[in-house]
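Shown next, in structure tokens, is the structure this report addresses.
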Ligand code: ADP
Ligand code: ADP
């Protein structure tokens with residue numbers, strides 16, 4: 001097992017309160033790690049500390065460290081924008097841009113590099129195939145992404161994240177807004193992606209964690225409402 005991310009004694013404070021206390025855990029390459037726990041225990045906060053997007057919402061304080069492939073991402077010398085580009089993120093509510101299906105997927109890649117159009121076409125097709133969406137959208141790539149169903153929009157958001165070839169994919173309850181069939185499709189997709197990617201997924205659904213994860217981190221809330229990890233277990237798949 002090779003850790004992609006090592007979290008060491010991480011505590012996290014919003015300006016007003018502590019949201020995470022002393023979490024240590026590893027997220028292993030080419031495995032799916034589920035993070036589960038009651039509402040308010042700090043799951044969303046935790047996942048957002050892994051790519052430093054938590055701090056975009058306001059002043060925060062971080063103690064301990066997060067190592068991404070051996071590098072402490074909270075080292076002041078780290079370029080946090082560059083870091084974020086290596087880490088894909090998918091949120092609870094599908095949030096495609098108000099653009100065509102094609103442009104949604106190409107967007108991040110176009111920012112990252114100048115390439116001939118044909119190369120973007122290939123990247124878009126490949127990401128949509130990886131996200132198991134290609135067959136459903138290949139004839140309407142120039143139509144608005146907002147015309148897709150919720151489940152399709154979420155797979156589009158996954159394609160958008162995959163297009164930039166991230167080393168790790170972070171997901172914050174990606175199926176909570178989806179119906180059971182769409183949820184099943186996303187779960188199958190995550191399994192198929194595992195060979196090429198590391199995945200950390202927040203879920204409040206115990207069955208989902210059991211179905212899809214190789215490792216499960218259980219966060220809890222104590223009486224003072226401080227999130228803590230109490231157990232880090234592996235499920236045999
Ligand atoms: P979960 O994802 O497990 O529901 P969160 O990470 O959303 O938990 O929240 C953990 C704690 O941090 C909660 O007490 C929540 O109210 C608080 N919190 C979350 N976001 C913010 C924020 N932007 N500012 C201040 N407190 C926050
Ligand atoms: P989720 O559990 O899906 O993260 P929440 O309802 O906990 O949803 O949070 C929704 C948004 O509100 C998030 O951006 C979170 O950071 C913010 N938030 C949550 N709790 C607080 C809080 N106590 N103060 C300020 N912002 C908060």
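The values are calculated or read from the model by the stated rules, or taken from the named source; none is laboratory data. The structure displayed is predicted, hence computed values, not measured ones. Here the Cβ is made from the backbone with ideal geometry for all residues, glycine too, and neighbour counts use every protein chain on show.
Structure notes:
- Criterion violated by residue 132 - all others in (1) modelled with pLDDT under 95; (2) assigned to a strand (DSSP E or B) satisfied: (2)
- Contact map, the stretch 169-188: residues that are in contact (Cβ under 8 Å) with a residue 24 or more places away in the chain paired with residues that are within 16 Å of ligand 1 (Cβ to nearest atom) and assigned to a helix (DSSP H, G or I), Cβ distance under 6 Å, separation 6+ or inter-chain. Pairs shown: 170/47; 172/44; 172/47.
- Condition check for residue 146: farther than 25 Å from residue 28 by Cα and either in a helix (DSSP H, G or I) or touching a strand residue (DSSP E or B) at 6+ places or on another chain (Cβ under 7 Å) (or both): yes
- Scanning the stretch 42-66 for residues that are near ligand 1 (Cβ under 7 Å from one of its atoms) and under 18 Å from the mean Cα position of the chain (by Cα), we see that the one that is surrounded by the fewest Cβ atoms within 10 Å (Cβ to Cβ) is 57.
- Conditions (1) closer than 19 Å to residue 213 by Cβ; (2) more than 8 Å from ligand 1 (Cβ to nearest atom); number of the one not met by residue 37: (2)
- Test result for residue 117, without any contact (Cβ under 8 Å) to a residue 12 or more places away in the chain and under 30 Å from residue 13 (Cβ atoms): no
- Unique residue being surrounded by 14 or more Cβ atoms within 10 Å (Cβ to Cβ), touching a residue at least 40 places away in the same chain (Cβ under 8 Å) and away from ligand 2 (no atom under 16 Å from the Cβ) when the list is 20, 32: 32
- Filter pass, residue 42 being within 16 Å of ligand 2 (Cβ to nearest atom) and within 29 Å of residue 208 (Cα to Cα): yes
- Number of positions in the stretch 64-88 that are over 26 Å from residue 1 (Cβ atoms) and touching a strand residue (DSSP E or B) at 6+ places or on another chain (Cβ under 8 Å): 0
- Qualifying residue in the stretch 73-86 (condition: under 16 Å from the mean Cα position of the chain (by Cα) and modelled with pLDDT of 95 or more): no
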